[in-house]
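Taking it in order: structure first as structure tokens, then the write-up.
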Amino acid sequence: MDSYLSLSSVSAAAICFYALLGTVFFNRKSRSHQENKTMASSSLTRLAPPSSLPPNCKHQVFPSFHGVDVLENFLSHIVKEFKSNAIDLFIDNNIERSKSIGPALIEAIRGSRVAIVLLSKNYASSTWCLNELVEIMECREEVGQTVIPIFYQVNPTDIKKQKSYFGKVFRKTCKGKRNEEIQRWKHALTDVAQIEGYHSINWFYVKFFHDYITERLIISLFRKNESEMIEYIATDVSNKLNLSAPSSDFDGFVGMKSQMVTMGPLLQLDSEEVRKIGILGQPGIGKTTIARYIFNTYSREFQLSVFMDNIKRKYATTACSDDYSVKLDLQKHFMSQLTNVTDINNFSHLGIAKHRLKDKKVLVVLDDVDRLVQVEAFAKETNWFGPGTRIIITSQDQRVLKASGINHIHKVNFPSDDEALQMFCMYAFDQKYPKDGFEELACEVVSLVGRLPLGLKVMGSYFRGSFEQEWTEALPKLRTHLDRDGEIASILKFSYDSLCDEDKRLFLHIACFFNCEKVGIVEDCLAKCFSDVRHGRRVLAKKSLISINMDWGTIEMTRLLVQLGRKIVREQSVNEPGKRQFLNDAIEICEVLSDDRADSSSVIGINVETYEDVECTSERAFERLHNLQFLRIPGKGVNPQSINYISQKLKVLIWLNSEMTCFPSNFNPKFLVKLEMMSSKLKKLWEETKPLNNLKWMNLSRSRRLEELPDLSTATNLYDLDLSYCSSLVKLPSSIGNAINLQSLHLSFCSNLVEIPPSIGNAVNIKKNSLIHCSSLVEIPTSISTITSLTSLDISGCSSLVKLPDNIETFTEPNHINLSGCSSLVEIPSSIVNANNLQKLDLSNCLSLVELPSSIGNAINLQKLNLSHCSSLLDPWIWRISRLRTLVLSGMKKLVSLPPLPDSLLFLDAEDCESLERLDCSFDNPDICLNFVNCFKLNQEARDLISLTPTNGYAVFPGTEVPQCFTYRSSGSSLTVKLIQKSLGISTKFKACILSADLEGNNFPHWSQASVCCGIMSRGNALTACYRSIGRVIPGHLYTFEVEVETDELTSTELVFEFEIQFDYSLVERPEEWEVQECGMLQLLEKHLENNSEKFPELVREDDGDNRQLLFFLFFPNKSIFLCF
């Protein structure tokens, strides 16, 4: 290092420094101080687009140089330094030098990630070098190749303007060359001279810092020698190669593509807007992985980027810390990482970030944020950053994101079952599917872990390399202790620790007892245990510790979080389970219930979820559990007499398969909110009236010995009563009317229930009342009509029911009335049409029903009518039901003809109408489906109508051969059609007909839904294939449907159609006998004829040889049919 600096050197260094001043901290190409780098030009170029170089480049660096100037010393030192830094430098002395560069050299240039251009005094004397430079600059422009110029003993300005000695050499080279070629060289030289590079003449080590106290800039300049410059160049190139190297960090990552599809619209990377994006989800679901993927993929498109990981843990603050100190400390770390300044004390106040970043395009990732102050420290306002900045914040707390003003939030959901298995297999087997012999074991582990990616990762890694026997031995223990090494719990517990004490208690209640329970039940059962259980539930949901299943209305917690909660409770007293709040292990429960001396007053909940019985014969099993509030005990192992000593504080009692026949007289359900005694041996609950003011859910279903209910006069808050399958129950108590808040009453399969008390009309809030298969029920009280909130009325299978209430029209809400199987029902009240919201009416198997009220044609909203197996119950008024879409007439044995039907009809099911002969109707809906299976008496006119009804659906009817009106017919499953050229347009429609084979021995499952695949070929080339659903496949039946073919570019006049029956159920193995016996095609020609200013389509047939047949389209008022002659 020289100890003396000339004035000119200092001046040159100063110029270089000021050129660097605006960018030395924040230059995109290097995240560190640009101390050793000078700018070849003071003009700065815009951020280059992300590299689109191939991911596996053949070379790392391509050098372009003039050998005479640099080969002996400078280049040899570069080669040596690059090799020591493991940089692959392309040098091929075997390539013959000429005036033009050949394919091999072009391939080498384009196959390199970095191009170094050693610009020397005589560089322009070589057309080879100039052509190389042109190719390099084109590669930079087209694919984003990194170009680094080194100005070796030459001034960048001389190269840019082609002057001085360099210009003289260049002009000499240009003599005799085409102007186009010269201009390409000039353009390349001008561009390369403006790229930031290295200048060997003015190479200084520039050291400076800003004194914020005196507001002075301290500058030190030192001359550096050539070897140091080469060393720095090698380091710089190495850094650039590292940045441009394709990442394999996420190779094989499952589900990332779908995550990016969702994230794309939120990121909007093309927008100049400064945008904050939140990634929300529970611990271990993959938030950080998604953020890391985005950072690794797009960080090079930003001038600056920083990934602040694990903020919740790394930068934890105490509750007593003031906001300013917390923000300042966090911002110091933020700016330190962003600028690579290790001394965080350089950042002394909160205004620095805004001042330094306001014009910079920055990518910021704040990972695992749990407090608002953290976001405010790092990125409080969007105006702190320059245009195009993206700030990504991951959190499990929705409140923090919302409070930070983030409106663009991606909630990370659980992967699908298939993706979960793939994730597990990637960690366990290093492939996306289980190894042979491990299929069932892998699926069982995934079902135990659930779909939490963190759990899948930990457990997959745990089993990696294990033998099958090791898997089998580990599984029993995993069923109760998934987190063998505590790795998962250590991550999840941070979320638990961040909760307040009340929310922690709620978390434990859900984990130990209320997981997968309905939201309303949880809130009601815990209402008096917490100051605001609803608020606490929302807190847990917003922190992603629970989720709400919107389909079932239940609170759900992942298995790993459940185990965490139970582990926390277990640690309350490891050796004495009776001193814990909750007991979940069957063995420990038996131990506590059998110990007559232990104090178990701490226990508030017992929850046995396994199917094994709890063996406890003591009558005083619950005597010491004074504070027991929640009890779930399946099985028959508990002594029924122990209920005599049950806690008076009990709020939830769930006792499946109980041997008890009646509750003891001292049983006090005063605080009981939920009583569930499914499949019990109860004959009655209790004798006298009990206080049931808090009872909301009572489930006694399948208690087949239950004969009566107790007095329910105090059950004014009862919400749901389930008595289904209580086959010995004869009647309901009149006090049922006191349940004024009752919304669901389940009486299905109460086969001995004779009557419903009139007082039921007082329970005006019932929305769902199921009376399915109450086969002894004779009458429904008229008072039921006062229940105006009923959404559906299902009385199907009430075979003794004789009549319905006359005032049924007061049912204003039901959209579905199901009377199927009411075989004794004689009539339907005419007032049923006044049920304004009625959309579905099922009268199937109402065998005694003689007629329907004609007024039913005025049911303006009726969309589905089922009259199957109702004799010949069909009247001409049917066509007046203007919105009817589905009409089911199957099994109407005496039906001879169909009357006119409404134009709205989409599906007609007349299967097994064995007497049906005539169709006095037409089918005008273009999407209608017609089912006439086993209607063998249909006359020819009816068959023609069915065959040729234009529809996008299908039609099926009995037949032994394809009708003659189909121009082309063939045995087997394929045929060739000659096109009518004059009708060809963009597309052409055909009517297709197939006959399903009727071979002996066929056994067609009645539920086997099928489709027909129609393959279409021209000149041996497949054009397309279309699929048409045809319902069930019935042997000896014809199926018709339409096929449309694009014909505008056909070069042949023939098309080959091939049909294949395919079944929708993978469980159905299609026997070879299920084949197409015959097929037929008819080309549909559409002409537009003007008649009284109206246009009608006319379907005609092609001349078929000597047998000319015409298909006429006959018009009637509002109706039309086809006739085939």
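Counting the residues of segment 880-901 that are under 22 Å from ASN836 (Cα atoms), modelled with pLDDT of 90 or more and part of a loop (DSSP other than H, G, I, E, B) gives 3.
When MET137 is tested against (1) at pLDDT below 90; (2) open to solvent by 10 Å² or more (accessible area, probe 1.4 Å), only condition (1) is not met.
Of the residues making up segment 535-568, those that are more than 15 Å from LEU508 (Cβ to Cβ) and more than 24 Å from the chain's Cα centre (by Cα) number 1. Restricted to strands (runs of 3 or more DSSP E) entirely inside segment 622-688, no element has at least 3 residues that are touching a helix residue (DSSP H, G or I) at 6+ places or on another chain (Cβ under 9 Å) and open to solvent by 10 Å² or more (accessible area, probe 1.4 Å). Apart from one condition, VAL1043 fits all of (1) over 42 Å from the mean Cα position of the chain (by Cα); (2) at pLDDT 80 or above; (3) of a type outside the set (D, E, K, R); the exception is (1).
Taking (1) β-branched (Val, Ile, Thr); (2) out of contact with any Ser or Thr (no Cβ under 7 Å at 6 or more places or on another chain); (3) over 16 Å from LEU650 (Cα atoms) in turn, VAL603 satisfies each apart from (3). Tell me which residues, restricted to segment 109-156, are part of a helix (DSSP H, G or I) and farther than 22 Å from CYS174 by Cβ. Hits for segment 109-156 are ILE109, ARG110, CYS139, ARG140, GLU141, GLU142, VAL143.
Given the structure, is ARG1032 among the basic types (Lys, Arg), open to solvent by less than 70 Å² (accessible area, probe 1.4 Å) and either over 14 Å from PHE990 (Cβ atoms) or modelled with pLDDT under 75 (or both)? Here the answer is yes, as ARG1032 does meet what is asked. Just so you know, in segment 617-651 the residues that are in contact with a strand residue (DSSP E or B) (Cβ under 8 Å, 6 or more places away or on another chain) and basic (Lys, Arg) include one that is nearest to ILE589 (Cα to Cα), and it is ARG632.
Going by what's in this entry, would LEU865 be described as surrounded by 17 or more Cβ atoms within 10 Å (Cβ to Cβ), outside any loop (DSSP other than H, G, I, E, B), among the hydrophobic types (A, V, I, L, M, F, W, C) and within 44 Å of the chain's Cα centre (by Cα)?
Spelling it out, LEU865 is indeed surrounded by 17 or more Cβ atoms within 10 Å (Cβ to Cβ), outside any loop (DSSP other than H, G, I, E, B), among the hydrophobic types (A, V, I, L, M, F, W, C) and within 44 Å of the chain's Cα centre (by Cα).
PHE907 satisfies every condition listed in (1) open to solvent by 10 Å² or more (accessible area, probe 1.4 Å); (2) in contact (Cβ under 8 Å) with a residue 60 or more places away in the chain; (3) touching a Cys at 6+ places or on another chain (Cβ under 6 Å) except (2).
Restricting attention to segment 931-941, the residues that are in contact (Cβ under 8 Å) with a residue 12 or more places away in the chain and either surrounded by fewer than 22 Cβ atoms within 10 Å (Cβ to Cβ) or on the phi > 0 side of the Ramachandran plot (or both) total 7. Just one of (1) loosely packed, with under 12 Cβ neighbours inside 10 Å; (2) modelled with pLDDT of 80 or more; (3) acidic (Asp, Glu) trips up GLU1075, so point out which. So GLU1075 meets the others, but not (1).
Let's see how each residue does on (1) open to solvent by 50 Å² or more (accessible area, probe 1.4 Å); (2) touching a residue at least 12 places away in the same chain (Cβ under 8 Å):
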site: SER490; (1), (2): yes, no
site: CYS516; (1), (2): yes, yes
site: GLY520; (1), (2): no, yes
site: CYS529; (1), (2): no, yes
site: LYS543; (1), (2): no, yes
site: ASP551; (1), (2): yes, no
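Checked against the criterion of being open to solvent by 30 Å² or more (accessible area, probe 1.4 Å), among the basic types (Lys, Arg) and in a loop (DSSP other than H, G, I, E, B), segment 703-721 contains one or more residues that satisfy it. Restricting segment 408-448 to residues that are within 30 Å of ARG371 (Cβ to Cβ) and modelled with pLDDT under 90, the residue that is surrounded by the fewest Cβ atoms within 10 Å (Cβ to Cβ) is ASN413. Annotation: VAL143 fulfils all but one of (1) surrounded by 18 or more Cβ atoms within 10 Å (Cβ to Cβ); (2) over 18 Å from PHE74 (Cβ atoms); (3) β-branched (Val, Ile, Thr); the unmet one is (1).
Of all residues in segment 868-878 being part of a helix (DSSP H, G or I) and touching a residue at least 24 places away in the same chain (Cβ under 8 Å), which is least open to solvent (accessible area, probe 1.4 Å)? The residue in question is ILE878. Taken together, SER844, SER799 contain a single residue that is assigned to a loop (DSSP other than H, G, I, E, B) and touching a residue at least 40 places away in the same chain (Cβ under 8 Å), which is SER844. Does at least one position in segment 267-275 carry a residue that is at pLDDT below 80, outside any strand (DSSP E or B) and surrounded by 17 or more Cβ atoms within 10 Å (Cβ to Cβ)? No, that holds for no residue.
The values are calculated or read from the model by the stated rules, or taken from the named source; none is laboratory data. From a predicted model like this one, the values you see are computed outputs, not experimental measurements. Please note: Cβ atoms are built from the backbone with ideal geometry, for glycine as well, and neighbour counts cover all protein chains shown. We work out accessible area using only protein heavy atoms, side chains counted, and drop any ligands, DNA or RNA first. Shrake-Rupley method; radii C 1.70, N 1.55, O 1.52, S 1.80 Å.
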